Every structure is written in C-alpha cells, then in structure tokens.
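Q: Below you will find the structure I want to go over with you.
The values are calculated or read from the model by the stated rules, or taken from the named source; none is laboratory data. Owing to the predicted nature of the structure, the values given are computational and were not obtained by experimental measurement. Here Cβ is always computed from backbone atoms with ideal geometry, including for glycine, and neighbour counts include all displayed protein chains. Please note that ligands, DNA and RNA were not included when accessible areas were found on the heavy atoms of the full protein model with its side chains. Shrake-Rupley method; radii C 1.70, N 1.55, O 1.52, S 1.80 Å.
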2 protein chains.
Amino acid sequence: MGGILDRKIFHRLISVDEVFDVVEKYYPLKPLGIERVSIEDALNRVLAQDVYAPIDHPPFDRSMVDGYAVRSDDIVGADELNPVKLVVKGKIEPGQKPGINVDRGEAVEIATGAMIPRGVDSVVMVEYTRIEDSNVYIYRSTVPGENISTTGSDISSGDLVVLKGTIIDENLVGVLSGLGIKYVNVYVKPRIAVYSIGDEVVEPGKPLEDGKVYDVNGYLVTSGLKKIGLDPDFKGVLPDNYDILYRELEKDLREYDIIITSGGTSAGLGDVVYRVFNDLGEPGIIVHGLKIKPGKPTVIAIVNNKLLIGLPGFPLSCYMVFNLIVKPMIGRIIGLTNNDSEKIKAKVPYRIKKQLGKTWLIPVTLIESRKGYTAYPVSLESGSISPFIYSDGYMILPENRDVILENSLVEVQLFRRLEDLPKLNIIGSNDYLLYEILVESNLAYLTRILSIGSSGGWEAIKREEADIAPTHLLDEETLVYNKPFLEKYGLSDKAVLIRGYGRLIGIIVEKNNPKNIRDVRDFLREDIVIVNRTKGSGTRVYLDYLLKRIALEEGIDFNKLISRINGYYYEVKTHTAVASAIKHGRADAGIGLGIVAKIYDLNFIPLTWEEYDFLILHERLEKEHVRIFIERLRDHDFMNNLIGKYKGYYKLYNDTGYPI
Amino acid sequence: MGGILDRKIFHRLISVDEVFDVVEKYYPLKPLGIERVSIEDALNRVLAQDVYAPIDHPPFDRSMVDGYAVRSDDIVGADELNPVKLVVKGKIEPGQKPGINVDRGEAVEIATGAMIPRGVDSVVMVEYTRIEDSNVYIYRSTVPGENISTTGSDISSGDLVVLKGTIIDENLVGVLSGLGIKYVNVYVKPRIAVYSIGDEVVEPGKPLEDGKVYDVNGYLVTSGLKKIGLDPDFKGVLPDNYDILYRELEKDLREYDIIITSGGTSAGLGDVVYRVFNDLGEPGIIVHGLKIKPGKPTVIAIVNNKLLIGLPGFPLSCYMVFNLIVKPMIGRIIGLTNNDSEKIKAKVPYRIKKQLGKTWLIPVTLIESRKGYTAYPVSLESGSISPFIYSDGYMILPENRDVILENSLVEVQLFRRLEDLPKLNIIGSNDYLLYEILVESNLAYLTRILSIGSSGGWEAIKREEADIAPTHLLDEETLVYNKPFLEKYGLSDKAVLIRGYGRLIGIIVEKNNPKNIRDVRDFLREDIVIVNRTKGSGTRVYLDYLLKRIALEEGIDFNKLISRINGYYYEVKTHTAVASAIKHGRADAGIGLGIVAKIYDLNFIPLTWEEYDFLILHERLEKEHVRIFIERLRDHDFMNNLIGKYKGYYKLYNDTGYPI
C-alpha cells in the first residue's frame, strides 16, 4: 500500500491532451495482435493489412448491355436508312465461356454481363437492331470499345484497394467478396472486464433499500464498448471492500487485457480502487486524476502490462471520461486510426464563467436555427441521469479559458446522430394535454419538449430557437394571460399567440387532505411543507401573485412572508414532480394541475382556470410540423375528444376567446 | 406461370415514392411482434413500449458534495470571521441508511452521494469547515436545499422517460438500469434469407472460370442488414434455374419472414426470379420494376403474407435499391420511426443532362471547400465495384428533372460518416512515389487521391476543391513542364507550383519484348495493339505530342494517324492499369512509368524525364496536412531515402530546378 506516496510526479492532475502520452510511456496503445477471419465475420472489425486486388475487375471484357457484339469496321456508316446485315453466329449468356470466334460480317447475340468473344470490339444495343432469320440488321454504327467494360477497367489486378486501419463496412465486405477474397487479417479484440464499485450500488431487478442507487455505469460502459464492436464482460457490482476487489482483479489480470471499473475512486471517504490498482503490481497507478470537470477522480494503472482504468462513480462523469479517454484509448488498441465521436461546433446562448485550468464538460441540448446550432446547458449535476435522454451531447469548454462569451462557438461531442435531432422544438411551459396532442398527431417522435417554464419559452422565441413556446403567464397589472407579454418582450411584429385551452390549476395535497389544507394561506403554517416550481414557470408566477396579495393584505413584506413558508425553495421542474413529492411525503402541498392530482390519486383544491396558449414565430407558421400542430389545435372534434378524457380539468375556448 | 400477364396494373414501373404505398396494400410494413429482453441484450433494438419511471431519481435526498449536513437556520451569518460551532453527530457513507436525527446545533459528516438524514436542510462543503474534537466549525452559511440533490429532482416517478419506437443506445441502457428496469419490450427481428442468383456468380474462395464473376451482392446485403442489427442468413449462390430456385424458396417461405435475392431479375435473357416469385403463391409480384437508374429491374412479391424482394444483379444497382427501398422497408418492420441514412446537400460541379421520368442515382466523391460540399460523379457503370470504396455516397437526381444545372444543390445519400471524409484532397495525376510519400508521412489514411489526370487537377484547383494537384503537363509550344499553365489557367495569383521530382516515363512492353517494339512509331504497326491513358492525363498529352511530331514529319493529318493505331481508344485511368493490360495480353504496348514496368516485371523503353510537380492554392499552404506534405517533399534525406528504393526511375531537383 505504501510506494505510491513517493511517486510524487503522478500526484498532479493531468490534462486530457496529456493523458495519452503519459499512458504510452508505460503501455503501448497499439493492437495486441492480428487474427485471420472470414469476410462474413469481418464487419466492423479493423483491417490489419493493406489489401491489393488479386484479380482484375471486371475479370474479363464484358458487355454492358443486351445486344449484338460486332466489329465496328463492319458497320461503319450504319443508320436508320442504311442498316448493315450481319450473320448471327450464336448467343452468349452471362457465365458462359464464349467458344465463338467472330469473323468479318458476323455478329453474336450477347447479354448484359456476358463475356465478349474474340474478334469483336463493340456491342450494339438490341434497340438498334432487327433480327430476321439467322441475320441481324444493325441500325447504328459503333466506335471500338462501345458498350464494353474492359478487363480491369474498374479495378486492376495489383491495385491498392484499401489501407490497413480501415474499419470494414458492408461496402468493403462487398468489394472484398467481388475480388474473390475470402479471408482478411484484422486486429484482435482485447478482452475487457467491467465492474461497478460501491456499497451504495445495486443491480437493476433487485430491491432498492434506503440510501442505495441502481447501477448505471456498468451497463453504460458495457453497452458503449459493444457499440464499437467489442465483447466486454460485465462482471457485476462489488462493494467498497479492498480485499474483495483485490481478489477479483488479481484473478482477472490473468484472463483479461483491460479492466474498467467505475466508482470508488473519490479522494473522499473511499479510495479503494486507487489502493487496489496500485497494490496489484508494478508500475501501478500512472494517472492520478484529470483536469476535467466532471471526471476528475479518474485513475489509470498499468499492472503486469495490463491496462486498468478506474472511472468516476457519478454516471455523467463516468460517461464523459469514457467517451473522451477510454473509447479513443481502446480505439488505438483495436487499431482505429480515426475514432472520434461526431463533434460539431455550436454557439453558447449566454456567457459562461468557468474555472481556469480545467476542461469543463456540460451536457447540452442542441437547437437548430437559421444561424446554426445553439448548445443549451441542461444540467451541471454529475449525479443526474436524465441528461442521457434529454441532451444531445456535451460541450467541451477548454482548460485555458475562464469565460466563454455569449454566442461564441464551442465544440460539442454528440451522443447521437445529427439527423436524429428533433424536428420540432417546443420550449417553455409543460402540460399534460400538450403531450397527448403530440402523441395523437404522431408528432411526439419528432418533438423535443424543453420544460423551462413560460418565461424561458418567450426568451427562446426571441432568440428564434423555439418553434413553439407554450405559455400561461399572468400579467399582474392587467390580470390578463399571455397577451400583454407580446409587447413586453418586443415580439408584437415577430410572433403570434395561438389560442390554446384552459386548464384547471389548484392546490395538490395528500389523499384525503389529512392536514386540512384549504387555501394558499395554509402554506404559512408551521406544520406544512410545500413543494414549489422553479422560477420563470407560470405556476410559480401565479403562486407569487397570490402570496403578494396576502402580503399586501397582511401589510408585511413579500420576502418576509415567503421566508416563513417551509419548502418555498424546494423547487421542481414539472407538475408531475410536484405530485410525486406530495405522494411520497416529501411535501404536504404544492400548486399544480388538477389532472395530475387525479392521476396521482391525490386531493385537489381548484384555484383558477389558466389560459394556456402557444407563442409561435411568424416565420415558423408554415413549417410542416408547426402547421400540423396548429391544425390539430384548431380541430374542435379532435380537441374535444382528447379533453373528454380529462373531464373537468381542461376546457376549450371559442374563436372569440370565450370558453365553450 | 400465367396469371401475371393479366395484372396489367402492375406492369408499369413504379416511382421510389410510390413503392411503399403499393407494398402496404398487400403487406403491412409494421412490426411482426414484441418480445421481452434483458437490458443487456437490448442495445440497438427498437423499444416496443413507452417507458415511465418506476422510481424517483435520485431515489432519496442525497448530498452532492463531501461535507457536513446542517440546518441552515443554525448557521445564519456564519463566515470566515464568525464561524459557527456545531456538534458532530456521526458520519454517513454512500449506501448507508442514516439512523441519525439531527437536532438544532448539530451536524453530520456526509460523503458525496450519501443520504441526507432527517432534520437538516443543506450541506456545507468540507472546504468551509474545520474539525476540532467532536465539533465542527462552519465558515459559511447555507440556504435551504444547498448541495442537496432532492428525491426525483432528476427524474420523477411516473415521468415519461422514452417513447416506443426509440432505438436503444448505450445512454438509454444506462438510464433504464439507473431506474431499476431490468427488462423491456422490443420489436422482434424478422427472419431473413438472402440469395445471390446467376449462372455467372461464384462464391469467393472458389476458382474463377472465364466469364464468371465473384459474388458481391450476397455479402453486401447480408452485411448491410447486420449493420442495422438484424441476423440474416446468407444462403449462397443459386443458378438461373427455375426448378432449383422454386424448390429453395418454397422451403424458405416456411422458415423466413423475408426473402431477398439479387440477380436474375433482368427483363432480358433470364427472368427466373420474376417467374418463381410469381408462381410461389398469391398475390405474387406486386412491384414489377422501378423508375430509377440504375435499379430498374427490382421486383417485389407477396406470397402467403411473406415479403420477397428481388434486387438487380449489378452490385451498384443492387446496393442503391437496398439502401433506398429495402432498408427503409425493413426499418418499418422492426419499428424504426426514423430510419434514414445520413443525407446531405451538395452542389454538382457541372451540368448534368438526364432522362425525364426516372430517378438517377450516381455514386459521388464529396469534396469540401469553403462553399460547402461538391459531389463529383465517379462512375456510371453499374457493374463496377470500385465506387464502393472510392465514393462517399450517391446523389439522387429527381425523376421530374431533365437537367441539373452546374452548382445546383442535389441530395447525397452517404455511404459513410461525414467525419470520416478525407482531410487532404489530392486531385490530378497519379504516381507511385506520391503514394509512398503519403504512407511514410502517415498522411495516407487522411488523404483521398482522385486520379483524374493532370488537367483535371488544374481545374479542381481553380474550383478550390483540391488541396494539392499533382501535375506533369508538357506545354507543346515551350516544351516546359507545368509552369506555363499557371498563366493559361489564370492561376498565377492564386496558386503556387511546388517543385516535386523527375520520373522516368517510356514504353511498357511485354517481358522480353517479343514484338520487338523500339519506339512510338511501332504503335502504327498492324500487329500492335496499344493501351492508352484517358484524356487530360499528362501521359496522354505526352503521347499525343510525340504522335503529332510523327504526323508532321510524315505530312499526314493527326486524326488520320491515330485512326491507324489499334487500341488508341482503349483508355485506362492509371499507370498500373496500363501495365496490367500488357501483363494480361490485352495490349502489346503503352506509355507508362518505368517503376511500374519494373514492378509488373515487364520490359521498358525509356523516353523522357517528366517533371512531376504539385500545384497548391495559396490559401491552403498553411493547412496542417498540406504543410506536412510540403515539409516531407523538401526533406532531401527523406526523399532520397524513398527514391533510393526505386533507383533510376525517379530523381530529385535542386532548389534552382536542376536535377541533383
């Protein structure tokens, strides 16, 4: 356990750029060997040899059309008026070896792909011929070589077809086959063991006790390796226990080339991975933390010429380091010459201040506008897993920068293909019925909903990043919903409000209302804990409006008032999260949708009908999916049918704006 | 065999857009069923259910940092000068259920990821604390919720996590795992049989007789299906024989959901697939040719509710129809909602005239410049296979257009990822030593060489599409190589010629020169067949220069002269193709590089030293890979070492332009 403390040189954190050089000092990042495989099994493998064509392609002079093989000097001047008559000598089908020698005045019927016989130099298409008994009339002359694909004209024997290091795709399998090549040399795949480590980690399918979490990293890393064609063994979850881990890894060192763990690397309370990696053999730990955030507690060890990588325990940190370091490293070991994940440039929507001396990795949502892509940071909590579904990749903010200016370009490493980005971006308030409309219109697959509250939606429309912004903002001066904000945001000329529907909002409380909550005044009670919505959401604005009225009536300061409310700062992003918090006893009450209370089987005290409308840029009104959405919204039968399912919680307005 | 002739409605060719609707009339293009798989086996499968979160994530309030869990109202006003002393009540590690209730004046040591105990509302980072005996001094106040990740703040129980129809990637596997979901419903994979059909088709690994070709399509289609996660069975090559094919497919109809064949669909000599498909059962053939070029002879049949697809025999046609029709069709059957291959827009470099009423598919090479991508057509021979390696995709020219104007944008369906496009484009003359330089400089992987002749290279530089254009153009007036063309092409201000090297060119003839060829005059002999290079190549220019001198001396017309040369129009694209033609007896002589003659073990009659230089745009001189290339070229030790290997066939010039 001792030695490591003396190797001071490794105690500094290492940059992403340096880490490959450091590892290469101890472990050559190159293929472990070569094996011979059949081309049927070669898909996605990396070629370990240059391939030269062993034969010509086509392997013989062949006809490119159905017609008659002729000598061009026999038919000089042939045209519609002056056909030339030739004697048909026979017929050649594809695959036949022509046992025919064509003399002057003769022709041979020939099929596409069939071998050209000796004596002819061109083929007349069947369209320009007429057969009569054993003669053919030719209505067009040819030049030598016409309609003949000559031997080796496509690929010549000896041509370099493909360089080693190429990933074998289906096209190359086809070409290899066409050249008669049955076996190729490819680089061997390393044998890889994957572990998740931590007393708190439980495998899915097992019950979850208090304080425990389900494993993410083991499945994530294993699947990520499978994705690049490897066959890793996920060996399960191990506790933060030195002896157990030592025993398992010592055994694995005999069977595997690479061992990847996650968790147990924190400098905090449990650094078991660090100690085990270092004690297993020489030289032990060679990378002792990275200058990235998140991802710092990453360790790399070399033991008996095997590579051991300890990834951070938090899933996002784990995955980013996996992408940034592990995949390229293993890429070199399987011989990939270009192993980068897809990266694009995107602009940041606002100024970001960061620490100097660290590379920052932040999951983002990409929104495309006429000006290119904008990368919206979605989460800075490395313990979260929702960014895996809701973000498109992560942006990489360089080590040597402390401020990223608004609109400046940053690099984004993609989680998925650009083509799979949503076609319709709805940014703003979230709603239950809205989901239903999208699902029923077959728009759900194509849509991304970013629930960042009504105000966020207005901002996103202003920046032209949202196609549609759902909004239910109450103007406190006029007590009118949404409309007054067109002017306040300076969007009167640029955007339009499409009438949506009314939705019933109120206080959600526990089933049977055990604490006897009657109205918002009860939120001030000592024995009540509320759950609140995030700033900028229409629901938060509405609650604050109610609380301000109370403050006014009571003659006390608004800030004083809210400081008395337990849970005022317990903020969640959605209506369902409000209901969930109450359902699970984390709060006694919160403002939310009636329909959500009903779905969660909670009690509901109605407060008001919110007007839920849709803000849309003029220029987007004609965009296909926007148009479909508006059509559905205006289809009263369609809407009534949906609303019928949620009787009492939603209502439609007629064209003059009144409820119907 | 009869019935089909009556179904006149199917005898017309069908557009690409119509084909899905036609098929859907007989065969629903939707999933065949659902199966339950473990998330470990779910990678790349298509989800057949909406997934809702069964638990909250995080599943409990947890600490985001290492530190002390406190009540914020205990430490109001705490700062560097006024620390607050709290009693440490214990320690909570990740995975532990905290059996601690914290009262006023108390704190608990807590690790990142550990569960927050009852009674506290925030965590102070360890950096702002100091421990002394069983007390902790707190140097910073907190707000409620600080450094706590609350239950469900990431994903709330009941949240819709992902819609059915989603392809399960590694990110989603991780999320499912993190939510404790062990099994999911996915769509079943159809069982698919693949055949190649044709008397001329031979499997790789077997000997190739005259008139036969190696199979491409079977391996191509099978690999292409594997690539999208299916497990097709390639059942081998069958002859153009009705009985054999009928017997095999009748058997397969009991075992497989989909049968895909290629070849044997031509309307010409063998339409065996067409007849078998139609005779196997009702309704038989429903698509009887497509309005695309290449790809017309595509047939689709439905038999006993099974889908049968007959693809064209020529590999390029086969693959394009596979991409355009088969993959999307099978995509729907495995439940993919967005199954498009990657497509981009690119401009065409010159006017293309096409047939109205057919969609044209042309393989292209993509070249990126500041103005976006340009799509260079690479081949119009659907029998060729080199486009599978040398092209990046194919452009789709719409049915209803007969002219595509220069610089207009067309759609290109990609064969590979855009990121994998070469970083260095060398367009123009081809050379053996040039390859060596690239390989030895580690540039070969990153480079695309388009061998379109010296003149083509000058044009490509003019259009800013080539980084480097290798050239050996002889100016007939001045007898100077390359330099005079800077002015002729109007590139004096825009590009620069970098001095390359000299290479020995001459007449390549058969081993031991059995026909006793001495100089170019022998090309006029009746008993000699030559192989020529394509127009625009420097070698062609040089041969024509020599022939013009002969014509002048003889006092005859140049065109008259060349009409006497056998094989003058037998044109090939590379030096190796010249050597190959002579080696295989297809020609007696041709102009080519000495080094190539040597490699092919042929005789060589030297004619001249060509000056082989590199034309480079000014603005590209600083591009990384261009810079490396020029550095290598100017590194005399490096170059002499390479040239040494080809003693006598190459030479260097010194800086003043004279040979050294």
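Q: With +1 assigned to the C-beta of every Lys and Arg and -1 to the C-beta of every Asp and Glu, and no other charges, what is the dipole magnitude of region B:343-421 about the Cα centre in debye, to the nearest 20?
A: Numbers: 12 positive and 9 negative charges, 50 e Å.
For this selection, approximately 240 debye.
Q: Here's another thing I want to ask about it. For chain A, which longest stretch is free of loop sites, where a loop site is one of the trypsin sites (Lys or Arg not before Pro) that DSSP puts outside H, G, I, E and B and that has at most 11 other Cβ atoms within 10 Å?
A: Details: sites that count: A:12, A:25, A:104, A:351, A:370, A:371, A:518, A:647.
For trypsin sites (Lys or Arg not before Pro) (loop position, at most 11 other Cβ atoms within 10 Å), the longest site-free span of chain A is A:105-350.
Q: Given a cut-off of under 8 Å on Cα pairs at least six residues apart, what relative contact order in percent is computed for region A:178-228? Working shown, then result.
A: Details: 25 pairs, mean separation 14.6, N = 51.
Reported as a whole number, the value is 29 percent.
Q: Can you tell me, using C-alpha contacts under 8 Å and at least 6 residues apart, the relative contact order of region A:436-652 as a whole percent?
A: Details: 364 pairs, mean separation 72.1, N = 217.
Relative contact order, region A:436-652: 33 percent.
Q: In region B:69-107, what residues drop by 30 Å² or more in accessible surface going from the chain by itself to the full protein assembly, probe 1.4 Å?
A: When all protein chains are present, B:94, B:95, B:97 each give up 30 Å² or more of accessible surface.
Q: Also, I was wondering about something else. Say a label goes 7 Å from Cα toward Cβ at residue B:140 in every copy; what distances in nm does this one have to the rest, shortest first?
A: 8.3
Q: Rounded to a whole number, what % of the accessible area of region B:460-510 do carbon and sulfur atoms account for, probe 1.4 Å?
A: Numbers: 950 of 1870 Å².
Roughly 51 percent, rounded to a whole number.
Q: Assuming R0 = 60 Å, can you tell me the calculated FRET efficiency for the pair residue B:17 and residue A:250, based on Cβ-Cβ distance, to the nearest 0.05? Kindly include the intermediate steps, with their values, before the conclusion.
A: Values: r = 62 Å, r/R0 = 1.04.
The formula returns an efficiency of 0.45 here.
Q: As an exercise, identify the GluC sites (Glu not before Pro) in region B:351-432 lying in DSSP coil whose Cβ has no more than 12 other Cβ atoms within 10 Å.
A: Hits after loop and neighbour filter: B:406.
Q: Per residue of region A:432-446, what does 6.51 cos²θ - 1.76 cosθ + 1.60 with θ = phi - 60° give for ³J(HN,Hα)? Whole Hz please, x for Gly and Pro, Karplus curve as stated.
A: Ordered by residue, 3J(HN,Hα) equals 6, 5, 4, 3, 4, 4, 5, 5, 5, 9, 6, 9, 4, 4, 9 Hz.
Q: Okay, moving on. Kindly identify chain B as rounded, prolate or oblate by the Cα gyration tensor criterion: order the square roots of the eigenvalues as a ≥ b ≥ c, call it rounded if a/c is under 1.5, otherwise compare a/b with b/c, prolate if a/b is larger, else oblate. Provide the component values of the computation, followed by the final result.
A: Working: a/c = 3.05, a/b = 1.49, b/c = 2.04.
Here chain B falls in the oblate category.
Q: Pull up the DSSP beta bridges for region B:343-421 and report the antiparallel fraction as a percent, rounded to 5.
A: Working: 22 of 23 bridges.
Counting DSSP beta bridges with both partners in region B:343-421, the antiparallel share is about 95 percent.
Q: Could you give each residue of region B:612-620 its phi-based ³J(HN,Hα) in whole Hz, using Karplus coefficients 6.51, -1.76, 1.60 with θ = phi - 60°, and x for Gly or Pro?
A: Ordered by residue, 3J(HN,Hα) equals 9, 10, 10, 8, 9, 5, 3, 5, 8 Hz.
Q: Given a 1.4 Å probe and no ligands, DNA or RNA in the count, how much accessible surface is buried by A and B, both sides, to the nearest 100 Å²? Don't skip to the end; give the middle numbers.
A: On the way: alone 31390 and 31420 Å², together 54000 Å².
Buried surface at the A/B interface: approximately 8800 Å².
Q: So, with +1 on the Cβ of K and R and -1 on the Cβ of D and E, and no other charges, what is the size of the charge dipole of region A:466-600 about its Cα centre, to the nearest 20 debye? Spell out each step's value before the answer.
A: Numbers: 21 positive and 17 negative charges, 91 e Å.
Dipole about the Cα centre, nearest 20: 440 debye.
Q: Karplus couplings for region A:553-561 from phi (6.51 cos²θ - 1.76 cosθ + 1.60, θ = phi - 60°), rounded to Hz, Gly and Pro as x?
A: Using θ = phi - 60°, the values come out as 4, 7, x, 10, 5, 4, 5, 4, 4 Hz.
Q: Nm distances between the label at residue A:17 and the same-position labels in the remaining copies, 7 Å along Cα→Cβ, shortest first?
A: In ascending order, 5.1 nm.
Q: Please report, for residue B:77, the nm distances (one decimal) from its label point, 7 Å out from Cα along the beta-carbon direction, to the equivalent points in the remaining copies, shortest first.
A: Its label point is 11.8 nm from the equivalent points in the other copies.
Q: Using a loss threshold of 50 Å², tell me which positions in region A:146-186 are less accessible in the complex than in their chain alone. Probe radius 1.4 Å, ligands and nucleic acids ignored.
A: Listed by number, the residues meeting the 50 Å² cut-off are A:154, A:163, A:170, A:171, A:175, A:177, A:182.
Q: Using DSSP to call loops (not H, G, I, E or B), can you name the chymotrypsin sites (Phe, Trp or Tyr not before Pro) in region A:302-396 whose Cβ has at most 15 other Cβ atoms within 10 angstrom?
A: Working: sites: A:319, A:322, A:350, A:360, A:373, A:388, A:390, A:394; in loops: A:350.
Of the chymotrypsin sites (Phe, Trp or Tyr not before Pro), the ones in loops of region A:302-396 whose Cβ has at most 15 other Cβ atoms within 10 Å are A:350.
Q: Going down the list A:30/A:306; B:226/B:327; B:306/B:343; A:226/B:227; A:97/B:235, which pairs span over 23 Å between their C-alpha atoms?
A: Numbers: A:30/A:306 13 Å; B:226/B:327 11 Å; B:306/B:343 30 Å; A:226/B:227 13 Å; A:97/B:235 26 Å.
Violating the 23 Å Cα-Cα cut-off are B:306/B:343; A:97/B:235.
Q: Can you list residues whose amide H is under 5 Å from residue A:607's amide H, if they're 5+ apart or on another chain and H is modeled 1.01 Å from N?
A: Sorted by chain and number, the residues that satisfy this are A:505, A:506, A:507.
Q: Please list the non-local residues whose amide H lies under 5 Å from the amide H of residue B:60, H modeled 1.01 Å from N, same-chain partners needing a gap of 5 or more.
A: Distant-sequence amide H within range of residue B:60: B:152.
Q: Given the protein chains as shown and a 1.4 Å probe, how many square angstrom of residue B:329 are accessible, to the nearest 10?
A: Here the accessible area works out near 0 Å².
Q: Nearest 10 degrees is fine. How inclined is helix B:242-255 to the longest principal axis of chain B, computing both from alpha carbons?
A: Orientation of helix B:242-255: about 10 degrees from the principal axis.
Q: Another question, then. At residue A:420 and residue A:406, where each label point lies 7 Å from the Cα along Cα→Cβ, what is the point-to-point distance in nanometres?
A: Here the answer is 3.4 nm between the modelled labels.
Q: What nm value, rounded to one decimal, do you get for the distance between residue A:493 and residue A:203 when each label is placed 7 Å out toward the C-beta?
A: In this crude label model, residue A:493 to residue A:203 measures out at 6.5 nm.
Q: Now a separate question. Rounded to the nearest whole Å², what accessible area per residue is found for the protein assembly as shown with the 1.4 Å probe?
A: On the way: 54000 Å² over 1320 residues.
That works out to 41 Å² for each residue.
Q: Okay, moving on. In terms of the Cα gyration tensor, with a ≥ b ≥ c the square roots of its eigenvalues, is the protein assembly as shown rounded because a/c is under 1.5, prolate because a/b exceeds b/c, or oblate?
A: Here the protein assembly as shown falls in the prolate category.
Q: Classify region B:343-421 as rounded, prolate or oblate, taking a ≥ b ≥ c as the square roots of the eigenvalues of its Cα gyration tensor: rounded when a/c is under 1.5, otherwise prolate if a/b is larger than b/c and oblate if not. Working shown, then result.
A: Working: a/c = 1.90, a/b = 1.20, b/c = 1.58.
Since a/c reaches 1.5 but b/c is at least a/b, the shape of region B:343-421 is classed as oblate.
Q: Next question. Search the structure for amide H atoms under 5 Å from the amide H of residue A:573, placed 1.01 Å from N in the peptide plane, and list their residues when 5 or more places away or on another chain.
A: For residue A:573, whose amide H was placed from the backbone, there are no distant partners under 5 Å.
Q: Follow-up question, since we're still on this one. Exceeding 21 Å between C-alpha atoms, which entries from my cross-link table qualify? They are B:347/B:462; B:423/B:535; A:345/A:488.
A: Working: B:347/B:462 16 Å; B:423/B:535 28 Å; A:345/A:488 33 Å.
Checking Cα-Cα distances, B:423/B:535; A:345/A:488 exceed 21 Å.
Q: Could you compute the net charge surrounding residue A:64? Neighbours are other residues with a C-beta less than 13 Å from the C-beta of residue A:64; K and R count +1, D and E count -1. Could the numbers behind the result be given before it?
A: Working: positive: A:62; negative: A:61, A:66, A:146, A:154, B:381.
Net charge in that neighbourhood comes out at -4.
Q: Just for the protein assembly as shown, what percent of DSSP beta bridges are antiparallel, to the closest 5? If you can, show how the numbers build up before the last one.
A: Values: 172 of 242 bridges.
Around 70 percent antiparallel, to the nearest 5.
Q: Using +1 at the C-beta of Lys and Arg and -1 at the C-beta of Asp and Glu, which of B:34, B:385, A:495 has the Cα lying farthest in the positive direction of the dipole of the protein assembly as shown?
A: A:495
Q: Evaluate the relative contact order of region B:62-149 (contact order divided by residue number), counting alpha-carbon pairs under 8 angstrom at least 6 apart; express in whole percent. Intermediate values should be presented prior to the final figure.
A: Details: 228 pairs, mean separation 38.5, N = 88.
Normalised by residue count, the contact order of region B:62-149 is 44 percent.
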